[in-house]
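Just dropping this structure here.
Every number in this text was worked out from the coordinates using simple rules, so none of it is lab data. Computed from a predicted model, the values in this text were never measured in an experiment. So basically every Cβ, Gly included, is an ideal-geometry build from the backbone, and we count neighbours across all protein chains shown.
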Amino acid sequence: MFSAARLNPVPDIAGFRPAIRSASGWATRRYGVAVTTDVVGLDLKGDLDGEEIMIATACDPETTLFLVAHLFGHTVQWNTSAAARDLGMIAPTAMPPGRLGDVTSYEIEACRYGLTLLHEAGVHDLDQWLADYAACDRAYLGHFYATGTIGEFRRFWRDGQPLLEPLPIPAFVPRRWRLRSGGIVV
């Protein structure tokens, strides 16, 4: 099921479901960011438009929780920084190699906002999991940008990655910045 690189088991899947409910509910109630589950299209697992986070119905609970946190972070970025929004809207297949450092910073910042969302929603026991998942996601994206091929996500997993530092969520008003059909999340 998982590659040998992942030595520790996934946290109890049942534990992800209440965390998903808490984080999604908090994103909606506190920040006005809707979180929906639907067919996303283009074989994507999730997408965002600046106002809404869409999670593919086929996602497992672990992936769903990561996407809620991570895409919330990108939603914050898109609504508070034109530069982050511009970077986030570059199609993955058109990412200039000189922007990869910017992408790494952008991805880490999104996860730091996502960690704050989890904490605000009362989820405090998944910090290491989020750090490991986020590092895997960055390695996966790095591979994709370097090769143009989609690899098997779990082969990039490494346990015990440095913990993320929560980043205070600035005040923002969710705004739709592009049509949902624009699909840019790999």
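Which three numbers, in whole Å and largest first, are the semi-axes of the equivalent ellipsoid of the chain derived from its Cα gyration tensor as √(5λ)?
Working through the eigenvalues yields semi-axes of 22, 21, 16 Å.
Convert each backbone phi in the range 152-165 into a coupling constant with the Karplus relation 6.51 cos²θ - 1.76 cosθ + 1.60 (shift: θ = phi - 60°), then list the ³J(HN,Hα) values in order as whole Hz, x for Gly and Pro.
7, 3, 5, 6, 9, 6, 9, 6, x, 5, x, 5, 7, 9
Around THR63, what is the net charge, scoring Lys/Arg as +1 and Asp/Glu as -1 over all other residues with Cβ under 12 Å from its Cβ?
Once all neighbours under 12 Å are counted, the net charge is -1.
How many angstrom lie between the C-alpha centres of the range 126-160 and the range 31-75?
Measuring centre to centre over Cα atoms gives 17 Å.
For labels at ASP127 and ASP60 in the simple 7 Å Cα→Cβ model, what's the distance in nm?
The answer from the label model is 2.6 nm.
Using a Gaussian network model of the chain whose springs link C-alpha atoms within less than 10 Å, name the residue from ASP102, ASP49, ASP137 with the highest mean-square fluctuation.
Maximum fluctuation in the GNM of the chain, among the listed residues, is at ASP102.
As a test of the formula, what do you get for the chain when each DSSP H run with n ≥ 4 contributes -39,500 (n - 2.57) and the sum is divided by the residue count, at 222 nm and rounded to the nearest 500 deg cm²/dmol?
Per the formula, -16000 deg cm²/dmol.
For ILE53, enumerate residues with amide H under 5 Å from its amide H, sequence gap 5+ or separate chain, H modeled in the peptide plane.
For ILE53, whose amide H was placed from the backbone, the distant partners under 5 Å are ALA34, VAL35, THR36.
Identify which of GLY101, GLY46, GLY15 has the largest mean-square fluctuation in a Gaussian network model of the chain, with springs joining Cα atoms closer than 10 Å.
GLY101
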